[in-house]
Amino acid sequence: MALVTILPALLTAERALGRLDQALADPARRRRLTADVARRSAVALVRLDGHRLDAHDFQRALAAPEHAQGEAARAALLVPMLAQLPAGLTATVSADCAIASPEKEISADVVTAVRASVATLKAFDVMVADAPSNAEGEETDSVSVLQPLLPPWTSLWLDELHRRWSVAQGGRSVGLSGARAADVGSVLSAVAEALAAGPGILGAAGAIRTLARWPDSGAPARCGHSDDWESAALRAAVMTQRPPTSWWSAVMWLAAPDLIRDACRLHHAWPALTVALARDVTGYRLALAGTENDWTRWVLDTIPELVAHELERLRHLDVIHENWEARLAAPQRRNNSRLPDVLDWLHDRPAFTVSRVTGELKCRCGLSPRGVHLLVEQLAKVGVIRNIADRGGERVWASDLSFLPPGR
């Protein structure tokens, strides 16, 4: 593709990303949008995989994923990983145990495995809540202090990504093995070559296309009778119209924002490309199936729209936060009230049960279990949160933060 023909679209996309990066220079606004993007990206991943997700089921699953089922539980378990990706992943297992043998895998009981993964994520949340602040006033991920961050786009980083993805899919932590592990070196080399082939967004677009089109040689084979020609023909037709999700496509959905951020040298923004793909699934699949020029043009045209949606969402989050502050300012309260401190926390936990957040609020605000109950009652009294359901005999609380606004 001649650079002259795409230069206007390229400049428009670069300027749009610059505006988004500048808007997220404030650490508080950046944290709110990062948490919001993680939830919207989890929903987008479910849609890209060809499934539907009810907004109310997802809302309840965020509060108590151990009681959720189906796609709602899957999306809720993806949220913590997506929230940690912008800052970097840490290893959940040691490097010596990166490739686990089948005998050492977690039990196949999905309910038990999901509860174990929820406990792990809960411990991670408590550590993050107790993180120290840096010079800019932004919280530092305490997990990264205890454990070094895995270098992105390395074999260990992909193995960790596969483990967390597999937990959300079936409740078991499974690292890369077999054909997928053998493909890692070739994939990483191809991604690096695509990034180097073009500047900025052009290189990122090429790398994203490379990942999305890479064949998944480690995908499980579909079972069927080889002598049943009608079934074989039907399966072939289905495979042509809708091929199964490739693991490397999932990697692209999860980590494409990282490619754009690094290629464009963004300081603060984490472009929510996954959400944009789910917003225009047909256009995305047609562009991916076309030529490299078609794909590059589609990406360049999508970036400004993506930025416009993110800036609108950022303003929406600001309005919600100001509304919360106004509600808390109306009633008389003690000078040592913890209510103002919990507002930023609500952006991270827009739906919760008291039992799941007691430890986190104890570390973050120094509250006792009774203090947490009193705080929740006060938030409910001023209308910041409301009771939406009961799970396991416990109330599920949710703020008025909209998880899935129409068209977003």
Debye calc, one equal point scatterer per Cα of the stretch 3-85, no solvent, log10 I(q)/I(0) at q = 0.11, 0.12, 0.22 1/Å comes to -0.44, -0.50, -0.95
Output ordering of 3-14, 287-298 (per-residue mean of other Cβ within 10 Å, highest first) is 287-298, 3-14
Ordering 178-185, 300-307 by per-residue average of other C-beta atoms within 10 angstrom, highest first, gives 300-307, 178-185
Of 356-363, 77-84, ordering from highest average Cβ density within 10 Å down gives 77-84, 356-363
So, with points 7 Å from each Cα along the Cβ direction, the T92-D318 label distance in nm works out to 3.7 nm
Once both label points are put 7 Å beyond Cα along the C-beta direction, the S166-T282 separation in nm becomes 3.8 nm
Given a Förster distance of 35 Å, the FRET efficiency implied by the Cβ-Cβ spacing of A329 and A308, rounded to the nearest 0.05, works out to 0.65
Taking 0.36 nm per residue of separation between R265 and R19 and subtracting their Cα-Cα distance, the length gained on full extension comes to 87.2 nm
Label model pair L374, L7: point-to-point distance (7 angstrom along the Cα→beta-carbon line) in nm is 6.7 nm
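Where a number appears in this text, it was derived from the coordinates with a stated rule and is not lab data. Predicted model, so just to flag it, every value in this text is computed and none were measured. As a convention, Cβ positions derive from the backbone with ideal geometry for all residues, glycine included, and neighbour counts pool all protein chains shown.
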